[in-house]
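Student: Take this structure first; my questions come after.
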Amino acid sequence: MTQTQGSLVRQITDYAHRADPYPIYAELRKTPVVHDEEGPYIVSTYWEIHGLLHDPRLSSDARNLDPQAASELPEEDDPGLPPSFLKLDPPEHDRLRRLATAPFGPPHTPRRLHEMRGELTRIVGELIDGFEGRDRIDLVDHFSYPFPVTVICRLLGVPREDEPRFHAWADTLAASLDPDPDPDPDPDAAERRRITRQARTELATYLSELIEERRRAPGDDMLSALVSGAGPEGRMSRVELLSTAALLLVAGHETTVNLITNGMLTLLRNPDVLARLRKDPHLVVPLVEEVLRFDPPVQMLPRRTPLSEIDIAGVTIPQGASVWLLLASGNRDPQRFPDPDRFDPQRRDNQHLGFGSGIHSCFGAPLARLEAQIALTELARRLDEPRLLEDPPTYRRNAVLRGPRHLPLAFEGLRPNRSANRSANGSPNRSPNGSR
């Protein structure tokens, strides 16, 4: 395939390639760093991406972009919901990340995730029980979305009845992450910016009210801990609480929806692996790691910028230029992973980039891993003869958070819910007379 570098860059965000962007990535890897004239520098090979993720000269703060690169970013002009710490550099990033992680898990609350396992298994079991009487479902609508949303609501203390409200906000804000290098005027761009600003404003208002409720009456949820917690570095300010809570709500389920859906799609395309998982549930741990390499939910990290000139792979990237790191391409780099286009859950030395790396690596990764492990294990065990009804499925438009919008499945029946049986045979939830 003979194409200009510029056309290859545009194809990254072309929806026509959303179902299978990996041939485009393979073409890009022939030139590890591609510059599309006045557009971003695209980095597509594993070792170069890994090095930049650990390079303190590469900034995540858009304020360090040069004026030309900054003018291409979507507007984020709502002062009520400022950028999260993901878009900041040290020392501000480090302070806020430490405060955010303190109530989330290790090392400060090391048993939080362990103690959630039973609840996660119960939620998964109840969702699959809801398939009873059906012979087909949309995995996204009936399982992959409601599971992590329920989890993040309970973790943060968001009332479950409010979930539909922030679902719409999360979809809008996630779509705003999508880079668009197309220089042609978009007649709908102004309306999309208006909708994004409105979603940011509404979410900020909602979170402000929720934070005040937790300030008056703290619970045992994570938001209460963020509001009331104070350590050597003090507490988060009001705007820092808002941006961190918004990040946790959106990122806490968007990536996990795609991870579970991409994982099940991959299993159904590899029925031998699905059969192995059904027989050996312990396979799920390396299997989820291979999904994160093979078809990661976060495909790229756009909008990074050098604080000074960086020479990489024979290319000098100037200070202030826009840089995109193609994580999904690095995960398929044959210089790092043998036979990279083969799905192999027993792959050795699988140090993938599925959750990034360096100071901005996903601090919610332990929860996302656990959710995906439980979800894929139970789907494999309980669905009899599952099969795809549409391949490739319909994908979401987002090129950054990539995953199917719908995944229609058919199956012959359901196996018993073991967690429900255990509950009925001796859990504290059992009624005094033994009835269910």
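The values are calculated or read from the model by the stated rules, or taken from the named source; none is laboratory data. Treat the numbers as computed from the prediction; the structure is a model and nothing was measured. As a convention, Cβ positions derive from the backbone with ideal geometry for all residues, glycine included, and neighbour counts pool all protein chains shown. We work out accessible area using only protein heavy atoms, side chains counted, and drop any ligands, DNA or RNA first. Shrake-Rupley method; radii C 1.70, N 1.55, O 1.52, S 1.80 Å.
Student: Identify, among Asn331, Asn64, Met116, the residue whose Cα sits farthest towards the positive end of the charge dipole of the chain, taking +1 on the Cβ of Lys and Arg and -1 on the Cβ of Asp and Glu, with the dipole about the Cα centre.
Tutor: Met116
Student: Using a ≥ b ≥ c from the Cα gyration tensor of region 182-291 (square roots of the eigenvalues), is it rounded, prolate or oblate, where a/c under 1.5 gives rounded and otherwise the larger of a/b and b/c decides, a/b for prolate?
Tutor: Oblate.
Student: Restricted to Cα positions, what overall size does the chain have along the principal axes? Three whole-Å values, descending.
Tutor: Computed over the chain, the largest-to-smallest principal extents equal 73, 54, 43 Å.
Student: Ignoring any ligand, DNA or RNA, what whole percent of the accessible area of the chain comes from carbon and sulfur when the probe is 1.4 angstrom?
Tutor: 51 percent
Student: May I ask for the distance between the Cα centers of region 238-297 and region 299-355, given as a whole number of Å?
Tutor: If you average the Cα positions of each part, the centres end up 20 Å apart.
Student: Sticking with this one: Show that you can apply the helix-only estimate: for the chain, add -39,500 (n - 2.57) for every DSSP H stretch of four or more residues, divide by all residues, and state [θ] at 222 nm to the nearest 500.
Tutor: The per-residue figure over the chain is -14000 deg cm²/dmol.
Student: Please give the charge dipole size of the chain, origin at the Cα centre, charges +1 on K and R Cβ atoms and -1 on D and E Cβ atoms. Round to the nearest 20 debye.
Tutor: That gives the chain a dipole magnitude of about 1820 debye.
Student: Can you give me the accessible area per residue for region 297-400, using a 1.4 Å probe, in Å²?
Tutor: It amounts to 38 Å² per residue over region 297-400.
Student: I would also like to ask the following. Could you list the GluC sites (Glu not before Pro) in region 302-387 that lie in coil according to DSSP, counting only those with at most 15 other Cβ atoms within 10 Å of their Cβ?
Tutor: Hits after loop and neighbour filter: Glu309.
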